[in-house]
Amino acid sequence: MKNIAPHHFKTISEYHRFRGLPKPEHPLMSVINLDEIRNLPTDGQSSWIFDFYSIALKRNIDATVKYKYGQQTYDFDEGIMFFIAPKQVFSVKTEGDYKLSGWMLLIHPDFLWQSPLRKTIKQYEFFSYSANEALHLSDKEETTIISVFKSIKQEYVSNIDKFSQPLIIAQIEVLLNYSDRFYHRQFITRKIHNHTILNRLEEILKDYFNQDSLIENGLPTVQSIAKELNVSANYLSGLLKTLTGQSTQQHIHEKLIEKAKEKLSNTNLSVSEIAYSLGFEHSQSFSKLFKTKTSFSPLEYRRSFN
């Protein structure tokens, strides 16, 4: 297998030319029917970098095709949806030719200029999910998403007027909000997998707080926990918020407070010593967090047992 150098596309027009598509009807956005793409032989691995957003619904993907973000690989054997933000690296590994089916929406950040969506689009965490955290759609959900793709395309291929951009942006927001809803549905319906993640999270946090390495390494971070669970940090927090109502950081703090209470009630260690043993450089930071979470200072909590 040979490796193909990364393809960096600064404009949507460049991507159209590369894929053998007609010039986009709007320079800053495009809705592409993937059946119309001229598929090039890509025996090996090719990497892509877009300077624009990509939202894709892909179906009927050959089993030999593997998509990858960083070190995460996923075999897409059904219709899925995934999201790429500007400057992210996305890789495809294939053996021989392949054929795609589905839809793709490309949006240059400049298209969102002076609209609230320019800032709020960054709040959709799924733009930083890994490929193995892609959105799997039901037939009904897929029909809904495709109808939005088609509505966006219909709007910009019609006569452009002063209403076109705000209408298209509104439809993009609809697409993102449906995607957000369907991701939360996926969090809930994949019970066995999600409960496995929750159980592993509990074990990892328990191990963290039962070892002396906290003194040397400090408190566990959201990123380190997510890495051990083999998911992205944003995906983990989104999953936990849906299933438990708490973010990853809140779960870390909950376990920390539990361990602190144990030390305050069962040992004669000073507050400073307890803070140090739990990975805090400054006892004031520990005391502030403890009071925020319990409404008691560490010393007040300890006195309640005497």
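Being closer than 20 Å to Ile121 by Cβ and over 29 Å from the mean Cα position of the chain (by Cα) narrows it down to one residue among Ser164, Ser158; which is it?
Ser164
For the stretch 231-253, does any single residue satisfy the condition of being touching a residue at least 24 places away in the same chain (Cβ under 8 Å) and over 21 Å from the mean Cα position of the chain (by Cα)?
Yes.
So which residues in the stretch 115-154 are in a loop (DSSP other than H, G, I, E, B) and under 15 Å from Val174 (Cβ atoms), if there are any at all?
Residues satisfying the conditions are Ser115, Pro116, Tyr124.
Which of (1) more than 30 Å from Pro116 (Cα to Cα); (2) within 20 Å of the chain's Cα centre (by Cα); (3) of a type in the set (Lys, Arg) is the odd one out, the single condition Lys263 does not satisfy?
With (1) more than 30 Å from Pro116 (Cα to Cα); (2) within 20 Å of the chain's Cα centre (by Cα); (3) of a type in the set (Lys, Arg) applied to Lys263, the lone miss is (2).
Mind counting the residues in the stretch 205-230 that are open to solvent by 20 Å² or more (accessible area, probe 1.4 Å), in a loop (DSSP other than H, G, I, E, B) and either among the β-branched types (Val, Ile, Thr) or closer than 26 Å to His282 by Cα (or both)?
5
Here's a check for you: in the stretch 139-149, which residue that is in contact with a Phe, Trp or Tyr (Cβ under 8 Å, 6 or more places away or on another chain) and not hydrophobic (A, V, I, L, M, F, W, C) is least open to solvent (accessible area, probe 1.4 Å)?
Looking at residues that are in contact with a Phe, Trp or Tyr (Cβ under 8 Å, 6 or more places away or on another chain) and not hydrophobic (A, V, I, L, M, F, W, C), I get Glu141.
If you scan the stretch 151-179, which residues turn out to be open to solvent by 40 Å² or more (accessible area, probe 1.4 Å), at pLDDT 95 or above and not polar (S, T, N, Q)?
Ala170, Glu173, Val174, Tyr178
Among the residues in the stretch 192-203, are any free of Cβ contacts under 8 Å to residues at least 40 places away in the same chain, under 30 Å from Ile274 (Cα atoms), of a type in the set (A, V, I, L, M, F, W, C) and surrounded by 12 or more Cβ atoms within 10 Å (Cβ to Cβ)?
No - not one qualifying residue is present in the stretch 192-203.
Does the stretch 198-222 hold any residues that are of a type in the set (A, V, I, L, M, F, W, C), under 14 Å from Thr244 (Cβ atoms) and either out of contact with any helix residue (DSSP H, G or I) (no Cβ under 6 Å at 6 or more places or on another chain) or modelled with pLDDT under 85 (or both), and which are they?
The answer is Leu198, Leu201.
Which residue out of Lys293, Lys288, Lys263 is open to solvent by 40 Å² or more (accessible area, probe 1.4 Å), closer than 30 Å to Tyr183 by Cβ and out of contact with any Phe, Trp or Tyr (no Cβ under 6 Å at 6 or more places or on another chain)?
Exactly one of Lys293, Lys288, Lys263 is open to solvent by 40 Å² or more (accessible area, probe 1.4 Å), closer than 30 Å to Tyr183 by Cβ and out of contact with any Phe, Trp or Tyr (no Cβ under 6 Å at 6 or more places or on another chain), namely Lys293.
Quick one: would you say Glu281 is of a type outside the set (Val, Ile, Thr), touching a residue at least 40 places away in the same chain (Cβ under 8 Å) and surrounded by fewer than 19 Cβ atoms within 10 Å (Cβ to Cβ)?
Numbers: of a type outside the set (Val, Ile, Thr): yes; touching a residue at least 40 places away in the same chain (Cβ under 8 Å): yes; surrounded by fewer than 19 Cβ atoms within 10 Å (Cβ to Cβ): yes.
Answer is yes for this residue.
Which strands (runs of 3 or more DSSP E) does the stretch 1-114 wholly contain that include 1 or more residues that are modelled with pLDDT of 85 or more and on the phi > 0 side of the Ramachandran plot?
101-107
The values are calculated or read from the model by the stated rules, or taken from the named source; none is laboratory data. Note that the structure is a prediction, hence the values are computed from the model and not measured. Neighbour counts run over all protein chains shown; Cβ positions are idealised from the backbone, glycine included. The area values use the complete protein model at the heavy-atom level, side chains included, leaving out ligands, DNA and RNA. Shrake-Rupley method; radii C 1.70, N 1.55, O 1.52, S 1.80 Å.
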